[in-house]
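Working notes, structure below.
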């Protein structure tokens, strides 16, 4: 897919629509409607925040891509690197050695806003050249920098949202020896931001009714992609894939309300409550901070906060491993046996729980039961466009005795 330069007409329209309060995604759609060209949401967002377009928009399908763009007026060359960084080379007049040490000055000279970009590396070469306009020598500098978008603002915003006014909640627990069975509640791929409380309130009410039957141990499995984005001020996956815009502060708030309803009800109706967790491909970093909030909020629970891609626990004589499902897909049973040999030897039943693919599947492989859970979230734009709309929108609750699954609730 090839690229051509932005025009003044493109830029003026972006500025005007931005003043009207339209999101980057909606502006990109309006540009397509007007010009028949596909502008990425990220490029539109970058132009609104920095005034830089990286000089390109998508054009004909069969053209070859060219990642180098030259601005004739400024003599600037920009290269977009595979790791997400941007390298800019330009010639700057009257830049001395002191100015070359001023990070903000250098960023602005290359067209980058200092509040949005960090310099990874910088190199400056100085020389003098005769000038016809100045009738003498002028100082010139060739400056080459590599920059990356700042993540500090997203991290600070995430910490602020997740840790504001955390007060441990005290729940009145009743211990009952008559509670023999255990309950596992797998929570995966809720994608808060796409999902809202109104979408799952009936399912949540049904789940709480099941919890109120009372259990010896309740395990809440957080299997990843609880939140749709790994950032606050933009909507992106862990790998940087740009997604449709969602309101992340609101998504976090609704995720907190949903989680608190389940945990509080579990504490009221179980002798022991455990919360196990792994991150997903959409929210690995931010889910780690979310688990810190859970640990601080519910100190009566046994909360496992980790940055691993898989974890395992023993429930009676049932060994259960959880992993999101986007990695370790080749032979997870063998990996579990190697990493948890002691638990493997104690268990009479072994299960591996995952999500990620958004549809329900159960398979017995040589005695290890693989349970892949669906998602309760409504279909997003990408799923609708590609026709991935047929899976059942489910939540689950699994009842176990000491050595095996006895009841499976499809909610």
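The values are calculated or read from the model by the stated rules, or taken from the named source; none is laboratory data. Note that the coordinates shown come from a computational prediction; the quantities given were computed from them, not determined experimentally. A quick note on method: Cβ atoms are made from the backbone with ideal geometry, for glycine too, and the neighbour counts reach across all protein chains shown.
Things worth noting here:
- Residues located in the range 99-125, provided they are in contact with a helix residue (DSSP H, G or I) (Cβ under 9 Å, 6 or more places away or on another chain) and more than 21 Å from residue 50 (Cα to Cα): 124
- Of all residues making up the range 128-175, the number that are part of a loop (DSSP other than H, G, I, E, B), touching a helix residue (DSSP H, G or I) at 6+ places or on another chain (Cβ under 9 Å) and modelled with pLDDT of 85 or more: 6
- Residue check for residue 217: under 23 Å from residue 305 (Cβ atoms), surrounded by fewer than 22 Cβ atoms within 10 Å (Cβ to Cβ) and at pLDDT below 95: no
- Residue in the range 333-348 that is assigned by TED's automatic domain parsing to the domain that holds residue 279, closer than 16 Å to residue 308 by Cβ and surrounded by fewer than 15 Cβ atoms within 10 Å (Cβ to Cβ) present: yes
- For residue 350: the one exception among (1) touching a helix residue (DSSP H, G or I) at 6+ places or on another chain (Cβ under 6 Å); (2) in contact (Cβ under 8 Å) with a residue 12 or more places away in the chain: (1)
- Meets criteria (crowded, with 19+ Cβ neighbours inside 10 Å, more than 20 Å from residue 380 (Cα to Cα) and at pLDDT 95 or above) for residue 318: yes
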